[in-house]
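Here is the structure we will look at.
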Amino acid sequence: MFKGFTRFLQSPGESLKSLFGTEAAAGVPEVRVIPREEHPVSRQHFSDAALKVLYRLHNAGFEAYLVGGCIRDSLLGRMPKDFDVATDATPEEVKGLFRNSRIIGRRFRIVHVRFGREVIEVTTFRGKPGDDHADHIAQQSDDGLLLRDNVWGNIQEDALRRDFTINALYYSIADFSIHDFANGVRDIEARTLRLIGDPATRYREDPVRMLRAVRFAAKLDFQLAPDSEAPIRELAPLMLQIPPARLFDEVLKLFMAGHGVETFRLLRHYGLFEMLFPEAAEAMDELPWAERLVEEALASTDRRILEERPVTPAFLFAAMLWGPVVQRQAEQEARGLPPIPALQAASQQVVSRQLQHVSIPKRFSLPMRDIWDLQQRLPLRRGRRVFQTREHPRFRAAYDLLLLREAAGELQPGLGDWWTAFQKADEHEQARLLDKAGANPAGSGKPGRKKRRRRRKPRRDNDGGSPEA
């Protein structure tokens, strides 16, 4: 697919050296412009919304390019889903062109242009921050973390502000050519993930780039370049600087894209998982089944995504944090608390600690706790309680977690099979299953209205008095 690309390889350009310094720019080529007839990317790959944004910017006299993942995926033969636009128009100018847009962010100001449920992200070309920029435009912490980066520049500067070479690819709506600023096409051919610039410096600027490196490596089945891989373990603790709310969004991207198992293994390998879920990582070191439980949950989620079935973060978080809940519940019971209050106290403690690292909105944390509570109720298979459990809104998720707990080796098999059979059974088979589980053989356990016993009136003697005892 990429025949003919190698003839575009050129020596490093002086303009790029001036941006990163001679030493940092060594080996970075000048831009290679790949004309339409020599690449497979077509406008047919792009959404109508993305094309509307591109053409309106272009017709208004601005430069307009599709950039990053959508071009990378098109070159890999994948159908792109998300479309990012880069332009020399400022956020205010972009907003002036689109009534259906709004400017978001303080750290990086971008414009979201909404077309129904689809959002096109438009960014202004970024430049290199300098000492002469005020804090409200560009600001960096003592550790190198970029706190604000709203310095506008040109397309070459913007390309080198991007994280990976394979994302520094720009598709021009003016002539349908691809502009390759950092040998991204070469790295796509080699299936290599490589940071632009000095990796340690770039990770310090934004530690989330370490998560992005893992995510792209798992998603694309790419190998991290040795120099891009080397600093990750040492710099992993920098993740603790990132706001928990931002990390929630990153966790969804990591685990809800259909490549969760491989992503999880890479996070563990590089020491990043414990920065996101420290108590879960501690449980994995102590409980022999905890790590397998998480892998089983991720494998189930990956299958559902592949089959285009619905998934919810609540279930995934419930599985991730179940090990810590079990440990803390045991501690509470050792202090004398009964099982149900012990579970509730343990759940509260686990959630409170987790929120310090990755925030979990209540729309997910409350169902997650329901799933945990139901783990106490699933073994109780007597009479009316069974039907109440089955009708619980979170029953299916709790049942799925029960099956995973058995598969991971926490529980002996049996209870999951019973619930599987009970869900499929008719009324008579359900009664048999309840009897087998130890329910009251005199009743089927089927819920119904309880018969009210008629109260007998006391017999009276003829004189109207009550009978003698």
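Relative to a virtual label point 7 Å from the Cα of Trp152 in the Cα→beta-carbon direction, which members of the stretch 77-91 show backbone nitrogen distances below 15 Å?
Those under the cut-off are 86-91.
Using a ≥ b ≥ c from the Cα gyration tensor of the stretch 32-190 (square roots of the eigenvalues), is it rounded, prolate or oblate, where a/c under 1.5 gives rounded and otherwise the larger of a/b and b/c decides, a/b for prolate?
Working: a/c = 1.87, a/b = 1.25, b/c = 1.49.
The shape class here is oblate.
How far is it, in nm, from the label point at Arg335 to the one at Gln44 when both lie 7 Å from their Cα along the line to the Cβ?
About 6.5 nm separates the two model spin labels.
Mind checking the alpha-carbon convex hull of the stretch 236-292 and giving the volume per residue in Å³?
Working: hull volume 4.4 nm³, N = 57.
Spread over its residues, the Cα hull of the stretch 236-292 gives 77 Å³ apiece.
How would the stretch 363-433 be classified by its alpha-carbon gyration tensor: rounded, prolate or oblate, with rounded meaning a/c under 1.5 and the a/b versus b/c comparison settling the rest?
Working: a/c = 2.16, a/b = 1.32, b/c = 1.64.
Oblate shape, in that a/c is at least 1.5 and b/c is the bigger or equal ratio.
Using Cα centres only, tell me the gap between the stretch 285-325 and the stretch 58-117 in whole Å.
Using only Cα atoms to place each centre, the spacing works out to 34 Å.
Taking the simple approach of a point 7 Å from Cα along Cα-to-Cβ for both Asp221 and Glu93, what is their distance in nm?
With each label point 7 Å from Cα toward Cβ, the separation is 4.3 nm.
Can you compute the radius of gyration and Dmax for the stretch 167-294, using only the Cα atoms, both in Å?
Using the Cα atoms of the stretch 167-294, the pair Rg, Dmax is 16.3, 59 Å.
Over all directions, what mean area does the Cα convex hull of the stretch 306-434 project, stated in square nanometres?
Details: hull surface 37.4 nm².
In nm², the orientation-averaged hull projection of the stretch 306-434 is 9.3.
Once you sort the root eigenvalues of the Cα gyration tensor of the stretch 45-101 as a ≥ b ≥ c, which label holds: rounded (a/c under 1.5), prolate (a/b larger than b/c) or oblate (the other case)?
Numbers: a/c = 2.45, a/b = 2.08, b/c = 1.18.
It comes out prolate by the Cα gyration axes.
Please work out the FRET efficiency for the pair Arg246 and Glu118, using the Cβ-Cβ distance as r and a Förster radius of 30 Å; give the result to the nearest 0.05.
Efficiency, rounded to the nearest 0.05: 0.85.
So, taking all protein chains as they sit and a 1.4 Å probe, how much accessible area belongs to Met79, in Å² rounded to tens?
Only protein atoms counted, so the area is about 130 Å².
Grab the Cα-Cα distance for Glu282 and Gln412, subtract it from 0.36 nm times how many residues apart they are, and report the gain in nm with one decimal. Kindly include the intermediate steps, with their values, before the conclusion.
Details: separation 130, 0.36 × 130 = 46.80 nm, distance 2.34 nm.
Extra length available between Glu282 and Gln412 comes to 44.5 nm.
Write down the accessible area per residue of the stretch 32-190 in Å², having rolled a 1.4 Å probe over the full set of protein chains.
Working: 7190 Å² over 159 residues.
I get 45 Å² per residue for this part.
The values are calculated or read from the model by the stated rules, or taken from the named source; none is laboratory data. Note that the structure is a prediction, hence the values are computed from the model and not measured. For neighbour counting, all protein chains shown are included, and Cβ atoms are generated from backbone atoms with ideal geometry for every residue, glycine included. Accessible surface areas use protein heavy atoms only, side chains included; no ligands, DNA or RNA. Shrake-Rupley method; radii C 1.70, N 1.55, O 1.52, S 1.80 Å.
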